[in-house]
Every structure is written in C-alpha cells, then in structure tokens.
2 protein chains.
Amino acid sequence: MSAGPKFPQVEYADSTGALRRCYDDMQSVLGVPWVMFAARSLAVFGGFVPAAWQAAAPVFATEQVARAADELRGLAVLPGAAPPDPRPRLAQLGFGDAGVAEVRTALDALNHGNARYLLLITAWCEGVQGRSSGGGTSGAALAPARPAAPAAGMAPLHLVDPRDADERVTGLLTRVTDLHLHHGPSSDFRVLARWPDFLEVALDDVLGPVVRTAPYETTALALLDRARAHVRSFPAPAGLSPGQALAVCTEAEVAAVTGLLFLFQRFILDVTIDMVRCAQALDGPSSPLR
Amino acid sequence: MSAGPKFPQVEYADSTGALRRCYDDMQSVLGVPWVMFAARSLAVFGGFVPAAWQAAAPVFATEQVARAADELRGLAVLPGAAPPDPRPRLAQLGFGDAGVAEVRTALDALNHGNARYLLLITAWCEGVQGRSSGGGTSGAALAPARPAAPAAGMAPLHLVDPRDADERVTGLLTRVTDLHLHHGPSSDFRVLARWPDFLEVALDDVLGPVVRTAPYETTALALLDRARAHVRSFPAPAGLSPGQALAVCTEAEVAAVTGLLFLFQRFILDVTIDMVRCAQALDGPSSPLR
C-alpha cells in the first residue's frame, strides 16, 4: 500500500450530477450502504460507470440476483477448520460485547453488499472482455423488480480515510493491503478500521493464517466460476461490450477500465471471503451466513 | 475475446522516438525478439513505460535476473501427469517434423522471454502498488552488466494480427482467450497462431485439460510468490513507486497503469506456464527447460 498519494477515485461526497444519481441508484437498487471502491475508481474514466450501471440496474433489481448473491456468500466459506473465536482476546484488550455488536452489524451490511458487487463487477468484467454478461440464449423476460430499498436493519457505514488515520490504523491498513497484494485498502477494511482492536485480532488470528493459501485460492476460483455462471444466466446483459464501452469512453479509457475491472474483481473476491470469515469467527462455524 | 475493436496498444511497428528506443533497448537487454503485450498497452499511458524501463534496465542487465528467470521456468512445470505427445495427432493432420521444429524454436524464444517479462512486470506491479521492487536492505552494488545481445539461436518471431486472420485462426485465438478469462490473445498465442494445427492440438490436449484447474492456480501462486521474492532481492528498485509514476503520468494514468499491470501480471503467469507445458509436450517430461 502506498503511504503516499491516494488512489484516484470519485468519493461519494465529491460526486455530482449524473454520477451522484448513479451512486444513489446503485445503493438503492442493491440495498447497500456504500459505493464499491471499484465503481469510485472507474468513475474517473469517461462515462463508463453511469452507462454500465444503466445496463445492470434492471437485472440487479430482480430476485434472481438476490438469490445468486445468497448462494455466493455460502460458497465463500473456506474449507478446513473454522476460525478461532476472537472474543476472548478482544475482551483482554478491553473490547467488549458492545463493540463486537457494532462490528457484527457492519459485517452484515458488508456481506450483503460484497456478493452483489462481485456479481456486478463480474458482469462488467466479462462484458468489456467480449464475453456474455447475460441475455445469451434464454430470451427470458426480465422478472418484475423487487422493491428497491435498503435491506432491513442495514446500518450506514463509515469508511475511515487512511490519510486521516493515526499510525496504528495506517499500519493495519498497510498490513491488510500487502497481505493480499492489493493496491490499497478496500472499503470493507476501511469500515473495520473504525475498530482497530478487532481489525488487529482479525488479521492475526482469522485472516492472516489463511489469505493466499492454496485453499483460499481454490475458494476464490470456485467463487469466480460460479459468479460467471450466474452472470451468463442473467436475463439481459448487465455489462457493456467493448463496442458499447467505446460509445462512452476513449480507447485508452476502455483499456484502463479493462485493467481496473480485472484488478477489482480479484479484490472483491478476496474481500468477500474475508468478511464471511470474520462473521463466521464471531458467529461460530454453524451460521456463517446470517 | 472481443471480435470487435483491437485492445489499445502501441505496436512495435508504430512506435517512434523515445518509445521506439525503449522497445529496442528492452529487447536487446532482455535478449528477446518481441515487446510484451503489457508494455505495448501500458505505452498508451503517459511516460510510464520509458521511465519504468529506465529504472529496470540496469537490474535486468545482470546475471542475477538471468538466473532468476531460469529458476522461474523450472517452477512453471505443472505437477501431475506430463502432457501427451502431440506429434502423432499432428502427423495425422499432415503437420510433420519440419513444422514441429519451427514451433519448438519459437517456444525457446517465448520461454526465454516470458520468465524475464514476468520478473519485469512483477517489479513494476509491486512498485506502483507501493511495495519494494528491489534495493531494500541489501545495499549491494549493481553487478556488472552482462553483454546485451539477443540470446544465441533466438529466432525472430512473427505475431499474427487477429484482425487479418482467417476464421479458423480467429476461432482458436478466441478460444484461448476465453479459456484463460483473458481480455485478448497474448503475444505467445499470436506467435503460435502461425501454426494453427499445432495451436488446435495444444488447446485440445496439452492446455485445455489443465488451464484454471486447482494445480494450475497453485502453480501460478507459487510462481508469483517466487517472482516477488526475486524482485525484493534486486540490488536496486526496478519499478516506479506511486510518487515516481506521478512524475511521468497523470493520476488517472497511474490508476490505469495499476489496473493493467495487475491484469498483465496474471496474464504472463498463465502464458509462462502454458509455453513451458507446450515445450514439455514436445520434449517429453525429462527436459522441459531446454
């Protein structure tokens, strides 16, 4: 992770006009309380995000996507031993039940959103690479949209800005970034950075021992394959083909979008697995999908 | 793979001025007869390629890189059964020893270059993500450069342009692209497209059964880890930090470069494994590293 310049993006607070409306609609349709890092970064490149969201929105308003997201969350559980319960060590640090409850509520929102964003970025990634992002052979009509509203009990999330964080939090965010070979801290870890005791214990005991191991990679691969299968079965294309992208971007912008979608697809796969595992650590092995 | 627009890049034949000099020096120092797709695509974004190559060139002129590349090629051999010998089926197609010898010569050049380009892109990727691309703690001086010249016996390579190819070749290049979930055909497969019989048999029997399986992913992961370890031990940084990249690129260009480096790092990992396996298929299991 760079200790220097922030990765280029249009943060929600800085968005205006068509992009702000797109950010708002994305959160409303997906029922998530944040705009993914990928969309904020892609927003730097021409008209891709508003146009790609316009393609995706009718598909993502269907129950089909909600069911697919539920299934992906189940597939994100790593094989092998369940993670240790972080509560005893957290209690020793003076981080008690109230703090754990706050973290657990945030994890609910993150888990809800990550699986949806994984489907969205997979559709966009497949589309811009010239493969199907839905609507292929079925010819099925779009199902009626479910009511667009934040999911019940979805708390607003606060993303810590690494530039404003203290040394301990900066160190933790650098550690999580380098652990995954990411280019910066994900939204999810910027949320968890609000509770550095939890983030530190999670890195030491829940995530550090498993990230980038062979079972982790195998799980990411299976999750990606299943996400692609869901995308291909979408009733209509949820991404833009290279030709469609060129209608709203320059050639160089399409190249940039292609690279960033590939990077962020892996990024979201990792974070999806991580947040499910954090929830599993707090809930015990029997109920990782709350 | 897109059947439509070509992925933005500056081809060797279209390069001029500082970029052409950079392309020539890269081929001379690395002893390779082609400029990697990654560099041709990154060349679209500001001054990144010439500046990043300027950082890398003294390191890549050392024997240390040549030895690291040799080791990586050995690690690119997949575990499990050796690939079947493609010659009997090729002979049935009328593709005889002379054709096989041409392919084998091309594979030598590709294997020589892929491992070097994997190290180069890993250094650039780590650097732009704010991690070490060499020169960390050792303080060792740069070893004297070895003579810069094309490696002995290195044949010039011809890359087929997918836009000029016939239906069969286009179909094969689309197949190889989608098999790997790539965004377009690599230089290596554009070279092999000159011999569509070989490419078809390789896809059917040598690569198709293994690409993106769990052992393939595990091999790619190990190869990446080892490439990163080599890069960290380089005597001087061979990549640009985010701050250094910002001296030759806009913020948006740095984001584009970051995404494309991530995409092409995985791309080169795949292609490195694939070409070693093609050589192994022709040579038998005992000598995959010729």
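The values are calculated or read from the model by the stated rules, or taken from the named source; none is laboratory data. Predicted, not measured: the structure shown is a model, and the values here were computed from it. Here the Cβ is made from the backbone with ideal geometry for all residues, glycine too, and neighbour counts use every protein chain on show. Just so you know, the surface numbers come from the protein's heavy atoms only, side chains and all, with ligands and any DNA or RNA stripped out. Shrake-Rupley method; radii C 1.70, N 1.55, O 1.52, S 1.80 Å.
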Do we have any residue at all in segment B:181-189 that's at pLDDT below 90 and farther than 30 Å from B:ARG232 by Cβ? no
Subset of segment A:69-96 [within 17 Å of A:GLU200 (Cα to Cα) and modelled with pLDDT under 95]: A:GLY96
For the subset of segment A:190-217 comprising residues that are among the hydrophobic types (A, V, I, L, M, F, W, C) and closer than 29 Å to B:THR219 by Cβ, which member is surrounded by the most Cβ atoms within 10 Å (Cβ to Cβ)? A:LEU207
Residues of segment A:67-110 classified as free of Cβ contacts under 8 Å to residues at least 24 places away in the same chain and of a type in the set (A, V, I, L, M), total: 4
Quick check, is A:ALA98 out of contact with any Phe, Trp or Tyr (no Cβ under 8 Å at 6 or more places or on another chain) and open to solvent by 30 Å² or more (accessible area, probe 1.4 Å)? yes
Run down A:ALA61, A:ALA52, A:ALA43 and say which single residue is surrounded by 15 or more Cβ atoms within 10 Å (Cβ to Cβ), within 14 Å of chain B (Cβ to nearest Cβ) and at pLDDT 95 or above. A:ALA43
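Yes or no, residue by residue, for (1) of a type outside the set (Asp, Glu); (2) within 14 Å of chain B (Cβ to nearest Cβ); (3) outside any helix (DSSP H, G or I); (4) touching a Leu at 6+ places or on another chain (Cβ under 9 Å):
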{"site": "A:ARG168", "(1), (2), (3), (4)": "yes, no, no, no"}
{"site": "A:GLY171", "(1), (2), (3), (4)": "yes, yes, no, no"}
{"site": "A:THR174", "(1), (2), (3), (4)": "yes, yes, no, no"}
{"site": "A:HIS183", "(1), (2), (3), (4)": "yes, yes, yes, yes"}
{"site": "A:VAL191", "(1), (2), (3), (4)": "yes, no, no, yes"}
{"site": "A:ASP197", "(1), (2), (3), (4)": "no, no, no, yes"}
{"site": "A:ASP204", "(1), (2), (3), (4)": "no, no, no, no"}
{"site": "A:VAL210", "(1), (2), (3), (4)": "yes, yes, yes, yes"}
{"site": "A:TYR216", "(1), (2), (3), (4)": "yes, yes, no, yes"}
Filter segment B:268-290 down to the residues that are modelled with pLDDT of 95 or more and either more than 11 Å from the chain's Cα centre (by Cα) or away from chain A (no Cβ under 14 Å) (or both) and list them by number. B:VAL271, B:THR272, B:ILE273, B:ASP274, B:MET275, B:VAL276, B:ARG277, B:CYS278, B:ALA279, B:GLN280, B:ALA281, B:LEU282
Test each condition in (1) open to solvent by 20 Å² or more (accessible area, probe 1.4 Å); (2) in a loop (DSSP other than H, G, I, E, B); (3) more than 14 Å from chain B (Cβ to nearest Cβ) for A:ASP108 and report the one that comes out false. (2)
Contacts under 6 angstrom Cβ, first residue in segment A:253-267 being more than 7 Å from chain B (Cβ to nearest Cβ), partner aromatic (Phe, Trp, Tyr), 6 or more apart: A:GLU253/A:PHE45; A:VAL257/A:PHE45; A:VAL257/A:PHE48; A:LEU261/A:TRP124
Picked from segment A:218-241 (must be aliphatic (A, V, I, L, M) and within 11 Å of another protein chain (Cβ to nearest Cβ)), the residue most open to solvent (accessible area, probe 1.4 Å) is A:ALA222
